[in-house]
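Q: Structure incoming, see below.
Throughout, read-outs are computed from the coordinates displayed, never taken from laboratory work. This is a predicted model, so every value here is computed, not measured. Here the Cβ is made from the backbone with ideal geometry for all residues, glycine too, and neighbour counts use every protein chain on show.
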Amino acid sequence: MKKYIDAYAFRRHLDNILPFTALPQERSLHFKFAKDAVLWALDHESAADVTKVVRCRDCLHHDAGEDECESWNYCKILAQDVRDDWFCASGIKKKEG
């Protein structure tokens, strides 16, 4: 499974890992070279096509329930049964509270 990161936050984190002045000069140069290589790779990686989604369980159009015999998750827009971890382009987040 791929994991998508915030590249700007990663850069800030990398800057804060270890200041170059805390290392002997030879190790400092190796660390700077490694850091520069990582940043170059980060800058040249293609961006993923990702977006936040609303899962069915959090969607305004989701209806869930259960009785003595069964439980269900139903989408009022698609007019079909769904899993609560599904999502679609019509998802609208329920208001909190």
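Q: Taking the condition of being part of a loop (DSSP other than H, G, I, E, B) and not aliphatic (A, V, I, L, M), how many residues in segment 66-86 meet it?
A: Count: 9.
Q: Checking the condition loosely packed, with under 13 Cβ neighbours inside 10 Å, out of contact with any helix residue (DSSP H, G or I) (no Cβ under 6 Å at 6 or more places or on another chain) and assigned to a loop (DSSP other than H, G, I, E, B), which residue from A37, A9, A89 passes?
A: A89
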